[in-house]
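Colleague: Have a look at the structure that comes next, please.
The values are calculated or read from the model by the stated rules, or taken from the named source; none is laboratory data. Here the structure is a predicted model, which is why all the values come from computation and not from measurement. In this analysis, Cβ positions are derived from the backbone assuming ideal geometry, glycine residues included, and neighbour counts consider all displayed protein chains. Ligands, DNA and RNA are excluded from the accessible area calculation, which covers all protein heavy atoms including side chains. Shrake-Rupley method; radii C 1.70, N 1.55, O 1.52, S 1.80 Å.
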Number of protein chains: 2
Amino acid sequence: MLTDIAKAYTLYETDVYNQDGIQGYAYVPHEISVAVSDPQKSDIPGTNPEQLLGLALSTCFNATLQAIESEQGLEHRASVNVHVKMIKANTGLEFLVQARVNIPGVSQAHAQEMVNQAEKRCPVSKLLSGSPNYSVELVN
Amino acid sequence: MLTDIAKAYTLYETDVYNQDGIQGYAYVPHEISVAVSDPQKSDIPGTNPEQLLGLALSTCFNATLQAIESEQGLEHRASVNVHVKMIKANTGLEFLVQARVNIPGVSQAHAQEMVNQAEKRCPVSKLLSGSPNYSVELVN
């Protein structure tokens, strides 16, 4: 892996900050700032790590599917829903992350093949792939 | 793991959607919608999976540190910077994710112990912990 990375080149980099903790703001200077709040306190407005992770994964996974569709001469029709659940287990707090992919207009087998390929190519999916809490499924 | 999860209870859940791919919007119905765009096309406004993942991790990690500070009777002073790099490697596109934690007002050893504990407790950190592309370090 280290050898691979040494041979790699950087396409983009960004720095993100959180100073406040669960209530306040998280931001990229001059680019984006989001209000965050405890998801269990629904009276305080703000997004949370669950939603932000879902936004990252759904966008990355669908962008990868879009690239695959383009390579195959298909119109972009895929969509991705990410369901994130926070649970209290005997290992402490855990997030369960399920990506649900819909690809209309192609056969079930073709759609499954595209999902399998996206799962191996999407950088966020690769980061999560070592976790038993992460799964991907094709839905209609 | 499955047994653990069967015994667990759900504290929160959310559904996130991306239909557009890399350019358009990702959203949680009635809660948050973010414009997204290709990070390599800096002329098109929008955030991207790299920043969204950094927002998720920095907030989750700092919320965990905040809980640890509170348990130890300390004021919240920790801050988290997440550096995300997209690289092109021979394994395809990869994200390298580095969390840099600063905890002023405690000894280096104490701060390191808090970081180690947060790394094991933060749900987003746990999801990423199987990846060689993820690292956490204490910074001054």
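Colleague: So residue A:5 ticks every box in (1) modelled with pLDDT of 95 or more; (2) facing another protein chain (nearest Cβ under 7 Å) but one. Which box is left unticked?
Modeller: Going through (1) modelled with pLDDT of 95 or more; (2) facing another protein chain (nearest Cβ under 7 Å) one by one, residue A:5 breaks only (1).
Colleague: Something else: Considering the range A:17-26 alone, what residues qualify as being in a strand (DSSP E or B) and open to solvent by 60 Å² or more (accessible area, probe 1.4 Å)?
Modeller: A:17, A:25
Colleague: Are there any pairs, at least 6 apart or on different chains, whose C-beta atoms fall under 7 Å, with the first in the range B:44-67 and in contact (Cβ under 8 Å) with a residue 60 or more places away in the chain and the second open to solvent by less than 10 Å² (accessible area, probe 1.4 Å) and of a type in the set (Lys, Arg), and if so, which?
Modeller: Here the result reads none, with nothing in the range B:44-67 linked to a residue that is open to solvent by less than 10 Å² (accessible area, probe 1.4 Å) and of a type in the set (Lys, Arg).
Colleague: Give the residues of the range B:24-54 that are closer than 14 Å to residue A:52 by Cα and among the hydroxyl-bearing types (Ser, Thr, Tyr), sorted by residue number. Break it down stepwise before answering.
Modeller: So the first thing to find is which residues in the range B:24-54 are closer than 14 Å to residue A:52 by Cα, and the list is B:25-29, B:31-36, B:47-54.
Of everything in the range B:24-54, those that are closer than 14 Å to residue A:52 by Cα and among the hydroxyl-bearing types (Ser, Thr, Tyr) turn out to be B:25, B:27, B:33, B:47.
Colleague: Examine the range A:78-86 for a residue that is closer than 29 Å to residue B:103 by Cβ and under 20 Å from the mean Cα position of the chain (by Cα), and state whether such a residue exists.
Modeller: Yes, the range A:78-86 contains at least one residue that is closer than 29 Å to residue B:103 by Cβ and under 20 Å from the mean Cα position of the chain (by Cα).
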